1. Place +1 on the Cβ of every Lys and Arg and -1 on the Cβ of every Asp and Glu in the chain, take the dipole about the Cα centre, and give the residue among S172, M51, F103 whose Cα lies farthest towards its positive end.
2. Provide the solvent-accessible area of V87, counting protein heavy atoms only and rolling a 1.4 Å probe, rounded to the nearest 10 Å².
3. Just to be sure I understand: if I project the alpha-carbon convex hull of region 1-139 onto a plane and average over all orientations, what area do I get in nm²?
4. Considering amide H positions built from the backbone, and no H for Pro or chain starts, which residues 5 or more places from T121, or on another chain, come under 5 Å of its amide H?
5. Set the Förster distance to 35 Å, then compute FRET efficiency between L57 and R187 from the Cβ-Cβ distance, nearest 0.05.
6. So who's got an amide H within less than 5 Å of the one on C202, skipping anything under 5 residues away but keeping other chains? H placed 1.01 Å off N, in plane.
7. Using θ = phi - 60° and the Karplus curve 6.51 cos²θ - 1.76 cosθ + 1.60, what whole-Hz ³J(HN,Hα) does each residue of region 121-138 get, with Gly and Pro shown as x?
8. Positive end of the charge dipole of the chain (Lys, Arg +1 and Asp, Glu -1 on Cβ, about the Cα centre): tell me which of L184, N23, L130 has its Cα farthest that way.
Amino acid sequence: MEKDKRKLTDKELKRKDHFEKLNAEMHQKGYQIKNMIIDIQQANFQGPLSMLPFMVLAFGVYYYVNGLDIDGISIGIVAAAYLLILVLIVLHELIHGITWGIFAKDHFHSIDFGFIRSSFTPYCTCSEPLKKWQYLFGAAMPTLILGFAAAVAAVITDQLLLLFLAEIMLLSGGGDFLIILKILLYRTDKKESVYCDHPYECGFVVFEK
């Protein structure tokens, strides 16, 4: 199975080294580690699928309030939407970083951004353990702002382009939703726990005692 292991990038190796030191420190303090990894292929399928009910709800509310007028859609608007999607995908990761950076003791020194070439997607990771609510808040914030809040704004202002962008952002929040769901469903009898991004896998770890 060794040949099936993915070769880590230089940034991932650096984070792995930092994480091993953190793990040793937490172990000395009496914490045990629990890996909560999500299969990337599973996330790519189940993540977007899990967001479909929210997307249908957003579209249904918009249609009920404003109807659907597509006469004003032009090639220019479609091109602008494509560019805005690229900007919003980057902004999605920035919101993760800003939120977690506010909570982290070392603030933005604990935040790392990168780009996965194989899937052509940016990412954000926090190397510092956070309280459960802090980690959840940082994981949910991009979709709350760019997805749900933008959908509400689209309904209020009757902006079809804004609704389309909100739907895309809801769809892109599927991976975060799976992580949030995994955290909420996790049960433990330990009294103390902190949450931290896995240094190179899709998911997180729980340090608990």
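1. Looking along the dipole axis, the top candidate is F103.
2. Accessible area of V87: about 90 Å².
3. 12.5
4. So T121 has HN proximity to I116.
5. Working from the Cβ atoms, E equals 0.75.
6. I38
7. Each residue of region 121-138 in turn: 9, x, 8, 9, 9, 10, 8, 10, x, 10, 5, 4, 5, 5, 5, 4, 4, x Hz.
8. The Cα lying farthest towards the positive end belongs to N23.
The values are calculated or read from the model by the stated rules, or taken from the named source; none is laboratory data. Fair warning: this is a prediction, and the values are worked out from it, not measured in the lab. Every residue, glycine as well, gets a Cβ built from its backbone with ideal geometry; the counts of neighbours run over all protein chains shown. Note: accessible area is taken over every heavy atom of the protein model, side chains too, but ligands, DNA and RNA are not part of it. Shrake-Rupley method; radii C 1.70, N 1.55, O 1.52, S 1.80 Å.
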